[in-house]
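FYI, it's all coordinate maths here, none of it is from the lab. Everything numeric here is computed off the predicted structure, so don't read it as measured data. For neighbour counting, all protein chains shown are included, and Cβ atoms are generated from backbone atoms with ideal geometry for every residue, glycine included.
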Ligand code: HEM
Ligand code: ISQ
């Protein structure tokens, strides 16, 4: 899978946009996920002890990790043409939590919509495709070790 320098740069610059307002975008991301798959709410432990999703520092930290991992994948794709996970931790966590294949599509759509919001008038089809490819390659790597 070819991943260009331009694509890597697009992912990097929109990652910076995302980081400009993590409280807002992490809530938006989570809201998009629950819109499509309300039942998924019960899989996440970190919202149990908070009043609302608006002020959950754990949600923010976790959401930042998810976007950061997709961005790392873009870097890996550009450097060596594939995404390799250091260990099976991510796969094990998701199996244990009860995550299934169709959930990955839900999270992907939520991620792309969040990036669209975060980048505003800098958004483009090309930028969208770059995130899509980086996410798909990462999701494939996680799913491979889940089965
Ligand atoms: C946990 C990333 C896909 C649901 C985690 C964690 C990471 C992560 C890093 C560990 C907890 C943390 O340190 O934040 C990702 C990435 C994904 C992905 C990069 C896709 C490429 C999914 C999907 C679902 C999901 C499709 C299904 C809705 C969860 C749940 C946890 C988790 C329920 C446990 C949260 C808790 O501690 O209660 N994910 N994830 N993830 N993920 Fe994902
Ligand atoms: C972990 N995995 C997938 C999606 C997530 C969204 C918010 C917080 C943590 C997550």
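The table that follows gives values for the structure above.
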| read-out | value |
| --- | --- |
| P(r) of segment 1-51 over all Cα-Cα pairs, binned every 5 Å from zero, in whole percent | 4, 16, 16, 18, 14, 15, 10, 5, 2 |
| Inter-centroid distance (Cα atoms) of segment 1-66 relative to segment 77-147, Å | 12 |
| Distance (nanometres) between label positions extended 7 Å along Cα→Cβ at residue 105 and residue 69 | 2.1 |
| Gain on full stretching of the segment that runs from residue 92 to residue 46 - 0.36 nm per residue minus C-alpha separation | 14.8 nm |
| Three-way shape label, segment 5-146, alpha-carbon gyration tensor, a/c 1.5 | oblate |
| Residue 6 paired with residue 36, simple spin-label distance in nm, labels 7 Å along Cα-to-beta-carbon | 2.7 |
| Extent along principal axes [Cα atoms of segment 66-143; Å; largest to smallest] | 39, 28, 16 |
